[in-house]
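The values are calculated or read from the model by the stated rules, or taken from the named source; none is laboratory data. A quick note: this is a predicted structure, and the numbers were derived from the prediction, not measured. Every residue, glycine among them, receives a Cβ derived from its backbone with ideal geometry; neighbour counts consider all protein chains shown. Heads up: the accessible areas ignore ligands, DNA and RNA and are worked out on the full protein's heavy atoms, side chains in. Shrake-Rupley method; radii C 1.70, N 1.55, O 1.52, S 1.80 Å.
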Amino acid sequence: MPYLPLARRLIPGAAVALFIFLFLTPRSFFSLRGPLIWTSTSATASGCQIWPGWRASNSEQLSYEACQDTINSPLIGHVGVLGDPNRCLLASSRLDQYHSLDRNWSEVRWGQVQRQCAAREYKLSPLEYPVDRLWRLPGASQEIETQVHGNSGRVAIVLRAWDNYEYTEKRLAWLRALIVEVSLQRSGRYQVFFLVNVKDPDIHLEEDGDAYEQALIKFVPEEFRDMAVLFNERTLKAWYPLVQEHGAQDQMYQALQIFSQKFKQYDFIWQLEMDLRFTSHVHDTLESAATFARAQSRRNLWERNGRFYVPGLYNDSYENFAAAVDAEIGDNGVWGPVSTSEFISQGSQPPSRTKWNWGIGEDADLISFMPMIEPVGTNWIYEDVIHGFADSTATPRRVAIVSITRSSRRLLQLVHEAQQGRGQWLVSEATLETFALLHGLKAVTVPHPISINKEMTAEELDAEINKGPSHSKAGGKTPSMLYSKDGWLPGPWWEASYWFTGSGAENVWKAYVEGRRLPPMLLHPVKEK
């Protein structure tokens, strides 16, 4: 079938068909911003194998095939932003070898395996340090021999777990594959940690070593214990006594802020959730997202961040989309820190507005995968939750649902100082976004492909999800992607491949595991057991 612009055709309602895309030759969709996809052809180093000589986890064993032709392109986002849309990684080659059939996985120490892999690249001792000991030391970490200081380029991935998480065979296979793909197959530049929320606030995790060890044994499988750190609300209250809320739902980043204080060798930290899945190589997908973010100009960046990119309206060209935003906003967009009373910005001052290429080549302090919108006027359930700011609810803010992000050590440090020293806080989805806005830091929404199981044209979809003011098009009055003060709102999100609830992501993942060849996608939430 010849390709027709999405705006001129209806999207079939069949769920499976909606989850497979038509893959066009990717064009350079923002040529001013340089190459946008990270690629690697490196083989797995011998020091990065789980068991000596066991090649099943090597990158050479992964199988890529041409993606299947179908009649649908993605409804939201760019199909090539997370990697090559014509080269699909087969699920079986990623997952089958990590099931517990012929290997004793309990003898693996994933923390040590990762550190051995990184030792050669970063001139570290293979043992580096006991993770749990460093985590339990009082206060921020001091200088230790094995830390890398300055801009090391090292990246941590923190998986947010909790004490009653069920480690089923399917989930264990996924976790093993994730660690191998992001760390062992890429020379240890990324290191994976578990950040485990212990729900009992009465356990003295910091002071009582025996209690900590017992909790670690009880709540974390043996193979992951040397890469896991535990916390509870008691931990968070001790660090942030001026903040009144320490629950995981409303303060998703407090534990991550502490992590950044303890492990200062990481310049950037990806916070991922246990129910997130990738349909392609995890490291390469995340690096492609970071490459896209690095390539973005700061001109009208917050205004691009504030809306969904619907490719059918722009001839499948992100460059056309960005040009349309520039034409709409002109020189009236956010440019540097946004001021508010009694708040001192720590970001750099912007250059003249004539320097349109400001920010190109600059790493983003914040990467998100949903639009960063203004909460005021949305009727969001947390619209009025802001504490410690002189301007209260009039404080300029941004919010992005789903707290799956990459944050810089600098941004986490600024949030840490505000919460610990001044008692300034917002709920999770507004924390990093608002502090990045007020400090004038670079924040980028990556327009990754999201499928929607609903029959509608591109114009109809755009009218549904981009109906707010120009600086916050995905916001405005009662956007359906948010949970409102009046409850759930009608909209297209329940079968979306990326949202904070619904069954769309799990349906896509099931099709992928069963053999569907899909482009690089993020799927959330996937609750498979």
Quick check on my filter: what residues within region 497-528 are assigned to a loop (DSSP other than H, G, I, E, B), in contact (Cβ under 8 Å) with a residue 60 or more places away in the chain and either within 21 Å of the chain's Cα centre (by Cα) or under 13 Å from residue 277 (Cα atoms) (or both)? 497, 499, 500, 518, 519, 520, 521, 525, 526, 527, 528
Residues of region 441-467 being out of contact with any Lys or Arg (no Cβ under 9 Å at 6 or more places or on another chain), under 25 Å from residue 290 (Cβ atoms) and part of a loop (DSSP other than H, G, I, E, B), which ones? 446, 448, 449, 451
Check on residue 243, farther than 28 Å from residue 388 by Cα and in contact (Cβ under 8 Å) with a residue 24 or more places away in the chain: no
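I'd like to know if region 277-296 contains one or more residues that are within 30 Å of residue 136 (Cβ to Cβ) and of a type in the set (A, V, I, L, M, F, W, C).
Yes, because at least one residue in region 277-296 is within 30 Å of residue 136 (Cβ to Cβ) and of a type in the set (A, V, I, L, M, F, W, C).
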Has region 210-231 got any residue that is closer than 30 Å to residue 422 by Cβ and open to solvent by 10 Å² or more (accessible area, probe 1.4 Å)? no
Scanning region 325-349 residue by residue, the ones that are buried (at least 16 other Cβ atoms within 10 Å of the Cβ) and closer than 24 Å to residue 446 by Cα total 10
Which listed residue, of 409, 397, 422, is touching an Asp or Glu at 6+ places or on another chain (Cβ under 7 Å), of a type outside the set (S, T, N, Q), open to solvent by 40 Å² or more (accessible area, probe 1.4 Å) and touching a residue at least 12 places away in the same chain (Cβ under 8 Å): 409
For residue 437, indicate whether it is in contact (Cβ under 8 Å) with a residue 24 or more places away in the chain, open to solvent by less than 10 Å² (accessible area, probe 1.4 Å) and assigned to a loop (DSSP other than H, G, I, E, B). no
Picked from region 444-458 (must be modelled with pLDDT of 95 or more and open to solvent by 10 Å² or more (accessible area, probe 1.4 Å)), the residue nearest to the chain's Cα centre (by Cα) is 445
For residue 122, work out the one condition from (1) open to solvent by 50 Å² or more (accessible area, probe 1.4 Å); (2) at pLDDT below 95 it doesn't fulfil. (1)
